[in-house]
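Participant: Could you have a look at this structure, given as structure tokens, before my questions?
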Amino acid sequence: MTHPTIHPERRRALQLLGITAFSWALASRYAHAQSAAVQGPELLRIGYQKSAVNLVILKQQGVLEKRFPGTRISWLEFPAGPQLLEALSVGSLEFGLTGDSPPVFAQAAGKDQLYVGAEPPKPDSSALLVLNDSPLRKLPDLKGRRIAVQKGSSAHYLLVRAVERAGLQWADIQPVYLTPADARAAFERKSVDAWAIWDPFYAATELAIGPRVLATGRDLASSNNSFYLAARPFVQAHPQVLRVLFEELSRADRLAQEARKDAIKLIADFSGLDAGVVSLFIQRRPSSPVGLLLPATVADQQRVADAFFKLGLIPKPVNVADIVWRPAAPALT
């Protein structure tokens, strides 16, 4: 009997998903066993972006308000991860989701935060774009060009990888640090030559003006991991609340996978994005249950941190593992 051949990259992805699912299963089992005893904080402020599918679904369904009826839950939207983590660092948030680069910049700046959870990689959800009539055809053509990017965002690391893959030095390009909204305006009026961006901004631009994709995260071996971060006092005081959050976030992800039309409507209603845009960016998003950070994920994030330090983009080296939450193993019954 013959067995189908599984491509090594797909095998690795399946292994990571399997380990993440196992990690989640332990947390889920604990959360179900303890849910009756979980007391929420008086206030829970959650930071999110339009790309935060699981969080947006929870917000739209009012799930956490039902799980924690005695808690005042506040939802705060941010244009990108750096702004979200700045709010976390000054005590304006307890919990939020960002891409890979924002926590590295925050840790290098001495901000106090903890990685508490992660979703599987989304390498197809970010891209380096050029306009259709651009003379740029391959990565080495980036030399001397102006490239829009949100500083400290996941797209920042995507651009680092693009420069490396092109065989260029960071000084060979001209990064133009702009928020996604300002970057798109600059891109369309040709004030910049390229744009490093993530979904749903990527999907919205793709459908609106049909740019060319110079490279995606997959092309550049950029995992584009998503991380849940929390304020240290909140983690120390309410570890059981985090477990309930993981449970509900993973349940929201199942909705995104199994009831795609319902999920698209929830996200479109919240974001104001066209349903076609939401559909496109969710198609590029793999199943994303939430689990604790795995050693492989920490190692991947350390590579991100080391790359930024090597280029002098952060002021000092950081050890990612120093701020990864390691909860005490619960007694399972």
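The values are calculated or read from the model by the stated rules, or taken from the named source; none is laboratory data. What you see is a predicted model; the values in this text were computed from it and never measured. Virtual Cβ from ideal backbone geometry, glycine too; neighbours counted across all protein chains shown. Just so you know, the surface numbers come from the protein's heavy atoms only, side chains and all, with ligands and any DNA or RNA stripped out. Shrake-Rupley method; radii C 1.70, N 1.55, O 1.52, S 1.80 Å.
Participant: Among the residues of the stretch 297-321, what is the count of those that are in a helix (DSSP H, G or I) and either in contact (Cβ under 8 Å) with a residue 12 or more places away in the chain or closer than 13 Å to A106 by Cα (or both)?
Facilitator: The qualifying residues number 12.
Participant: Can you find even one residue in the stretch 171-181 that is of a type in the set (A, V, I, L, M, F, W, C), surrounded by fewer than 16 Cβ atoms within 10 Å (Cβ to Cβ) and within 19 Å of the chain's Cα centre (by Cα)?
Facilitator: Within the stretch 171-181, the first condition is being of a type in the set (A, V, I, L, M, F, W, C), and the residues that meet it are 171, 173, 176, 178, 181.
Add one more test, that the residue is surrounded by fewer than 16 Cβ atoms within 10 Å (Cβ to Cβ), and what stays is 171, 181.
Next cut, within 19 Å of the chain's Cα centre (by Cα) only: 181.
Yes, some residue in the stretch 171-181 is of a type in the set (A, V, I, L, M, F, W, C), surrounded by fewer than 16 Cβ atoms within 10 Å (Cβ to Cβ) and within 19 Å of the chain's Cα centre (by Cα).
Participant: Is it the case that the stretch 220-241 has a residue that's touching a residue at least 12 places away in the same chain (Cβ under 8 Å), touching a strand residue (DSSP E or B) at 6+ places or on another chain (Cβ under 7 Å), closer than 21 Å to P41 by Cα and open to solvent by 50 Å² or more (accessible area, probe 1.4 Å)?
Facilitator: yes
Participant: Counting only residues that are open to solvent by 10 Å² or more (accessible area, probe 1.4 Å), in contact with a strand residue (DSSP E or B) (Cβ under 6 Å, 6 or more places away or on another chain) and in a helix (DSSP H, G or I), which one in the stretch 49-82 is nearest to A183 (Cα to Cα)?
Facilitator: Restricting to residues being open to solvent by 10 Å² or more (accessible area, probe 1.4 Å), in contact with a strand residue (DSSP E or B) (Cβ under 6 Å, 6 or more places away or on another chain) and in a helix (DSSP H, G or I), the top hit is K59.
Participant: Which residue, of D182, D141, is more than 23 Å from A208 (Cα to Cα), in a helix (DSSP H, G or I) and out of contact with any helix residue (DSSP H, G or I) (no Cβ under 6 Å at 6 or more places or on another chain)?
Facilitator: Values: D182 fails: more than 23 Å from A208 (Cα to Cα).
One residue alone meets the criteria, D141.
Participant: Okay, moving on. How many residues does the stretch 83-103 hold that are within 14 Å of the chain's Cα centre (by Cα) and open to solvent by less than 40 Å² (accessible area, probe 1.4 Å)?
Facilitator: To start, the set of residues in the stretch 83-103 that are within 14 Å of the chain's Cα centre (by Cα) comprises 83-85, 95-103.
If we keep only those that are open to solvent by less than 40 Å² (accessible area, probe 1.4 Å) too, we end up with 84-85, 95-103.
Adding up the residues that qualify gives 11.
Participant: From the list L245, L273, L249, L294, which one is in contact with a Leu (Cβ under 9 Å, 6 or more places away or on another chain), open to solvent by 10 Å² or more (accessible area, probe 1.4 Å) and either without any contact (Cβ under 8 Å) to a residue 60 or more places away in the chain or under 21 Å from A52 (Cα atoms) (or both)?
Facilitator: One residue alone meets the criteria, L294.
Participant: If I ask for residues that are of a type in the set (A, V, I, L, M, F, W, C) and in contact with a Phe, Trp or Tyr (Cβ under 9 Å, 6 or more places away or on another chain), which ones from the stretch 249-266 would you list?
Facilitator: The one that is of a type in the set (A, V, I, L, M, F, W, C) and in contact with a Phe, Trp or Tyr (Cβ under 9 Å, 6 or more places away or on another chain): L249.
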